[in-house]
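Scroll down for the structure; my scribbles are underneath it.
The values are calculated or read from the model by the stated rules, or taken from the named source; none is laboratory data. The model shown is predicted, which means the values in this text are computed figures rather than measured ones. No Cβ is skipped: glycine too gets one built from the backbone with ideal geometry, and neighbour counts run over all protein chains shown. Only protein heavy atoms, including side chains, enter the accessible area calculation; ligands, DNA and RNA are left aside. Shrake-Rupley method; radii C 1.70, N 1.55, O 1.52, S 1.80 Å.
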Amino acid sequence: MATSSISEIVLALLFPWKFMSISLSYLPGTIISALRAGQFRTLLSWPRLQAAWFSRFWSWAGPQVRTGAEQIVRPLLEGRVSRGAIVPPTSSPSVGAHLGVAGTVLEIGPGSGMWVSIFSDRYQQSKTSTPDTKGVRGKVTRVYGVEPNEGVHHLLREQIAAADLQDVYEVVPVGIEDLASSGHVAPESVDCIVSVLCLCSIPEPERNIAMLYGYLKPGGRWYVYEHVKHDRSTSTMGFYQAFVNLIWPHFIGGCELRRDTGKWLREAGTWSEIDLEHPEGEPWFATIPHVVGVLTK
Ligand SMILES: C[S@@+](CC[C@H](N)C(=O)[O-])C[C@H]1O[C@@H](n2cnc3c(N)ncnc32)[C@H](O)[C@@H]1O
């Protein structure tokens, strides 16, 4: 094995520890800031403190993660990812790509709004382009961003304003488990669901993923880029992932590394098409493997 490969593997194995160390460095500042602001309810509740800590950390981590993930997430939302690979922009949908995000969109856990500008690009494009035969290509008309962490709302709103989407993008300040009772979005009213690196953090994921399926219209599309449990739990990497996951959720805002999100998405309901794979070229030694793709109802 080449030296460069060994160093790549070592760096990949160390990555979660580096990420958690950086997250930890945001905890003292979070506590001091809560003390200064007299936010004793935050200091006395672990879930509140963890949410405040995560929002400070994610103001740094969000842009870093975006830099790494954009090369797959942007084509995904443009309908140019198929079987885990990026399809060149010139290819027609009939050779394997999908329609891009369009119509009424439910964005799950948008956090600090790292992907809002992509909706804006498409929204601006829609003002000049003609809809295709399915009538919705390229046109985002409404976005509901379901984000319970109030600590990131100001960052999310900044992104919405920067993208000039104030009339299009509504922040729904609840967890998806409370979406039905919030009355913001009707069942079977959504053209597209977007979930990017967030199903790892929601409660009761299997049940809530099935519940979210009910928001899609027939023919609606769910765009997925999520990290998942290692395919082989009894492999060395499976054990290593399980070991890291003993502490990871405590440092990274409740994020779980060992969720079978791909399986739960496939089993959420009846799909007319499932195009969900590991990203092409993802190495076997990834502690945080992903699935990417589009499921069509
Ligand atoms: C790792 S961050 C990803 C944020 C964003 N999607 C991105 O790619 O930058 C996970 C997000 O899921 C959100 N989240 C946690 N619990 C949630 C819930 N019950 N419903 C919806 N979102 C939730 C968190 O607040 C956080 O913003």
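Here's how it looks for G145: its modeled amide H is under 5 Å from those of E107, E170, V171, V172, which are all 5 or more places away or on a different chain.
Of all DSSP bridge pairs formed entirely within the chain, close to 40 percent run antiparallel. Computed 3J(HN,Hα) for the range 170-183, one whole-Hz value per residue from the Karplus formula 6.51 cos²θ - 1.76 cosθ + 1.60 where θ = phi - 60°, is 10, 7, 9, x, 9, x, 4, 5, 10, 5, 4, 6, 6, x, glycine and proline marked x.
Rounded to the nearest Hz, the phi-derived 3J(HN,Hα) couplings of the range 275-283 under the Karplus curve 6.51 cos²θ - 1.76 cosθ + 1.60 (θ = phi - 60°) are 10, 9, 9, 5, x, 4, x, 5, x, where x marks glycine and proline.
Taking every alpha-carbon pair within the range 64-296, the share separated by more than 21 Å comes to 55 percent. Label positions at S182 and T236, each projected 7 Å from the Cα along the C-beta direction, are separated by 4.4 nm. Roughly speaking, what is the centre-to-centre gap between the range 141-168 and the range 31-84 when only Cα atoms are used, to the nearest Å? A separation of 14 Å, based on Cα centres. Solvent-accessible surface of the chain, taken per residue with a 1.4 Å probe and all protein chains present: 47 Å².
The helix-only estimate of mean residue ellipticity at 222 nm for the chain, built from DSSP H runs of length n ≥ 4 each weighted as -39500 (n - 2.57), is -12500 deg cm²/dmol after division by the residue total. In the elastic network of the chain, a GNM with C-alpha springs shorter than 10 Å, the most mobile of I31, I252, I118 is I31. The largest accessible area among T261, T234 belongs to the first residue in T234, T261, and the rest follow in falling order (1.4 Å probe, all chains).
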